[in-house]
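Everything below concerns the one structure shown next.
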Amino acid sequence: MRKISLIGFSMLCLACVTFSCQDTSGSNIKAPANVETDTANFTTIQWIDSLKDFGTAKMGDKVEINYTFENTGKKPLFITQVRPTCGCTVADYTKTAVLPGKKGSVTALFDTNHGAPGSVRKSIVVSSNTINDTHFVLGFTGKVEK
């Protein structure tokens, strides 16, 4: 009887570990091929901060700018493309599904070696499966000094 109880307890522990380790973040949900045109699966997005001022940077610095968004809809949100408008900036973003109520991010890395010292105003175009803006423009400003 003790052996059966021990086996039963072991199986229960294994089941608990298995179910608690399942991914609920949305990272296993893949974007369908027609994600930008399938309006039945569009959702809504709220940008927490769509315009940033990085202040002052020295020529030669690389400045990281982070933008945060929340899926305020009822369907998974997919960022399908992020396009900086110049070669001085590269961008990365949350590439997995952002489930309703969850947050994601876009990160831009601005290389101050491109261009001349002075005021800077750059943009990044974000494409997603959202009703309220399938293409949204993020921006950042700042000043580059020698």
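The numbers here are math on the coordinates, done by the rules we state, and not lab data. Keep in mind the model is a prediction, meaning the values are calculated, not measured. Glycine gets a Cβ as well: all are built from the backbone with ideal geometry, and neighbour counts include every protein chain shown.
Could you grab me the full set of residues in the range 46-70 that are part of a strand (DSSP E or B), under 22 Å from A116 (Cα atoms) and in contact with a Lys or Arg (Cβ under 8 Å, 6 or more places away or on another chain)?
Hits for the range 46-70 are G55, T56, A57, K58, I65.
Only residues that are under 14 Å from G104 (Cβ atoms), surrounded by fewer than 17 Cβ atoms within 10 Å (Cβ to Cβ) and among the hydroxyl-bearing types (S, T, Y): list them for the range 46-94, please.
T68, T72, T80
Looking only at the range 136-146, decide whether some residue is surrounded by 20 or more Cβ atoms within 10 Å (Cβ to Cβ) and assigned to a loop (DSSP other than H, G, I, E, B).
For the range 136-146, residues surrounded by 20 or more Cβ atoms within 10 Å (Cβ to Cβ) and assigned to a loop (DSSP other than H, G, I, E, B): absent.
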